[in-house]
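Notes for the one structure printed next.
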């Protein structure tokens with residue numbers, strides 16, 4: 001049995017499942033609503049399976065709502081995954097600072113060169 | 001061929017690979033350094049494969065450094081994954097606000113009850 005964080009990331013490692021989460025971010029939806037946009041590319045059982053993966057990973061839950069069972073986002077697992085990512089924020093911020101610095105140097109060099117060429121013409 | 005975001009999440013869906021990233025957050029390391037803490041539980045080829053998954057997902061890169069090829073973090077893919085997560089931040093913040101409110105109510109009720117009981121004794 002994989003740990004919770006591994007199950008969350010595995011569930012997110014699929015564009016159809018991420019699109020289903022994006023749909024649920026707009027509001028509750030039934031399994032058939034979630035499947036609908038993909039029926040031209042995938043079978044209904046395959047899509048139901050995607051919903052089940054999201055449910056097992058704790059990313060969505062089915063509510064009892066009279067006869068219907070609409071799905072809704074369950075954001076706790078996403079929060080834990082986002083918190084795990086946060087510890088690496090310093091790394092990408094640093095690397096983008098370096099890129100930014102590099103681009104400034106290149107732009108400054110280009111401008112200096114442009115002025116030099118303009119002076120020559 | 002899965003999309004980049006799917007490859008990133010799939011690579012993160014394993015505790016050994018996440019531990020290897022945590023090791024690289026401390027500084028560059030060779031494949032053998034990355035494998036070392038897990039050799040009691042896993043074979044060297046299995047560990048080399050984990051490193052390759054991280055490399056293929058673009059989460060780490062091997063540097064040419066004279067004869068050695070140390071690995072280092074490549075934070076861009078993590079950044080993209082974290083940005084994808086950010087769009088759901090409102091959901092978990094809202095749900096934790098609701099939890100917070102609930103806890104405040106429960107605590108207030110307990111306090112009121114405690115005072116009542118203290119008055120009775």
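Taking the stated definitions as given, is residue A:27 within 12 Å of chain B (Cβ to nearest Cβ) and at positive phi?
yes
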(Q) Could you go through segment B:48-57 and let me know if any residue there is at pLDDT 95 or above and within 11 Å of chain A (Cβ to nearest Cβ). (A) yes
Q | Residues being modelled with pLDDT of 70 or more and more than 10 Å from chain A (Cβ to nearest Cβ) - total across segment B:86-112 | A | 8
Q | Single match in A:16, A:8 (criterion: within 14 Å of chain B (Cβ to nearest Cβ), farther than 17 Å from residue A:77 by Cα and part of a helix (DSSP H, G or I)) | A | A:16
Q. Do the conditions hold for residue B:28, that is, is it at pLDDT below 95 and in contact with a strand residue (DSSP E or B) (Cβ under 6 Å, 6 or more places away or on another chain)?
A. yes
Q: Spot the failing condition for residue A:35; the list is (1) more than 8 Å from chain B (Cβ to nearest Cβ); (2) under 20 Å from residue B:92 (Cα atoms); (3) surrounded by 19 or more Cβ atoms within 10 Å (Cβ to Cβ), and only one is missed.
A: (2)
Q) Looking at segment B:69-85, which of its residues are more than 7 Å from chain A (Cβ to nearest Cβ) and at pLDDT 90 or above? A) B:70, B:71, B:72, B:74, B:80, B:83, B:84
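Here's the yes/no breakdown for (1) more than 30 Å from residue A:25 (Cα to Cα); (2) without any contact (Cβ under 8 Å) to a residue 12 or more places away in the chain; (3) touching a helix residue (DSSP H, G or I) at 6+ places or on another chain (Cβ under 6 Å):
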{"position": "B:40", "(1), (2), (3)": "yes, yes, no"}
{"position": "B:46", "(1), (2), (3)": "yes, yes, no"}
{"position": "B:56", "(1), (2), (3)": "yes, no, no"}
{"position": "B:67", "(1), (2), (3)": "yes, yes, no"}
{"position": "B:70", "(1), (2), (3)": "yes, no, no"}
{"position": "B:77", "(1), (2), (3)": "no, no, yes"}
{"position": "B:86", "(1), (2), (3)": "no, yes, no"}
{"position": "B:89", "(1), (2), (3)": "no, yes, no"}
(Q) For segment B:31-82, which positions are within 23 Å of residue B:9 (Cα to Cα) and in a loop (DSSP other than H, G, I, E, B)? (A) B:42, B:57, B:58, B:59, B:74, B:75
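The values are calculated or read from the model by the stated rules, or taken from the named source; none is laboratory data. Being a predicted model, the structure only gives us computed values, none of them experimental. Positions of Cβ are generated from backbone atoms using ideal geometry, with glycine treated the same way; all protein chains shown enter the neighbour counts.
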